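The values are calculated or read from the model by the stated rules, or taken from the named source; none is laboratory data. Just so it is clear, the model here is predicted, and its values are computed rather than measured. Glycine also receives a Cβ, built like all others from the backbone with ideal geometry; neighbour counts cover every protein chain displayed. For the accessible areas, the whole protein counts, side chains as well, though only heavy atoms, and no ligand, DNA or RNA atoms are used. Shrake-Rupley method; radii C 1.70, N 1.55, O 1.52, S 1.80 Å.
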Amino acid sequence: MLLRVRAAVAQLAAGLGAGAGAQPPAEPRGGGAGAGSGASPPAAAFCRPAFLQLTPEELRRADDHTGRAVQSPRDGRRRLPWRTGYAEVINAGKSQHNEDQACCEVVFVERRPSPRGRLMSREGCGELDGGRKGFYFHYWALFDGHAGSGAAVMASEKLHVHICEQLRDLVDILQDPSPPPICLPHGPGDPNRVSVAEDDGEVPNDAVPRFHLEKAVSHESLVIGAIENAFKHMDDQIERERGAQHLAGGCCALAAIYLMGKFYVANAGDSRAYKKIEEDDLKFPLIYGEGKKARMMATIGVTRGLGDHDLKVFSSNIHIKPFLSCFPEVRVYDLTQYEHCPDDVLVLGTDGLWDVTNDKEVAGVVMEVLTSYEPNDPCRYTMVAQELVVRSRGVLKERGWRLANDKLGSGDDISVFVIPLGGPGNYT
């Protein structure tokens, strides 16, 4: 299904996403590689998620469209943060490789140095990692590639780096419990606030408030803005490097960021965060067709995503990108407002899961599996992810992959994270 179209052309014209100018450095990850040998592979060479730590034999099995073996991090290998469960399986032959990618990281955001060597120290701004000031965020992301895996591989390696870069200017503000500044300082009588412009030495002589005093900017909105900017910078990087890295196609992106007690779930595509279409979206020529056959501009089945910079509207010379938005829809869940038990989880999945398994069925599988394991069993969330993948894939029969009710199973790549909501205090 499709996400809401939110005036992509207007967004483009308004120049949304303008953020920090500097791009984060390239940080290729490790892990197994699939096909390809000889010269040094490009940064976006096909691979499987590094945290799987697959052996060469396991990589061969993971690439087998006939057996479709489920892959998960194995016992004794590096456990994912919060005891997160993960499982994946390749498609039934629609593409050469598994075009899904996944990433799970704990990222340190270091405060950007002040040009004048001075920033106010605020309460709660801890000195971490040998005196560096900043904070950590936990990060999970799924990328569903189409027309190739290159964009998904690059996004899985770089999106969290872009998010980190966008958050660096917010370190002090986010750790200050008082509301963030919304205007330039009033004058010398306001010693407790330093704006970004002042810190850069760019305060004009006639500095005056730019907004009404009753206006407010929340910490939450600043994080959402940083995430949106990071998606835009990621999309820009894919566009810049698509030739050198041979990045055909694009990808849907679903990311969950845990930062200071809150989950920020950002969705650009049809991997589930939100899977909803409303009547106002069904206006030709933006959306044509119904259900799984619906296509934006009669060309592509999603309205948000990364990449696809070379894609043109069917039978025309019109580029799809002004209508295909890279800006995610971001929802926030405040963990501090509720108490969570070990059976409370957040499930992230690509459309290979959601196309054949609805919310109620996913909840049933979660409860069925979790009740079979002790609350402190570190493998219970991986077992949930595996069971969700297996039930959505089905069993290979004479008439193809079939579910337990004999309906057609998912022939798509399937990737699933199961994240316990107990928080880092309980799962470290």
Counted residues, region 81-94 - those being in a loop (DSSP other than H, G, I, E, B) and either open to solvent by less than 10 Å² (accessible area, probe 1.4 Å) or aromatic (Phe, Trp, Tyr) (or both): 3
Cross-chain or 6+ apart pairs with Cβ under 6 Å, region 355-374 first and closer than 12 Å to Leu388 by Cβ, then of a type in the set (Ser, Thr, Tyr) and open to solvent by less than 20 Å² (accessible area, probe 1.4 Å): Val356/Ser392; Val356/Ser410; Thr357/Ser392
Yes/no for Thr357 being among the polar types (S, T, N, Q), surrounded by 14 or more Cβ atoms within 10 Å (Cβ to Cβ) and at pLDDT 85 or above: yes
Any hit, region 131-151, residues being at pLDDT below 95, in a helix (DSSP H, G or I) and hydroxyl-bearing (Ser, Thr, Tyr): no
Wholly within region 162-277, helices (runs of 4 or more DSSP H) carrying at least 3 residues that are under 30 Å from Val345 (Cβ atoms) and modelled with pLDDT of 90 or more: 219-241
Strands (runs of 3 or more DSSP E) contained entirely in region 369-426, each with at least 1 residues that are under 20 Å from the mean Cα position of the chain (by Cα) and of a type in the set (Ser, Thr, Tyr): 414-420
Residue check for Gly349: surrounded by fewer than 20 Cβ atoms within 10 Å (Cβ to Cβ), closer than 23 Å to Phe143 by Cβ and in contact (Cβ under 8 Å) with a residue 60 or more places away in the chain: no
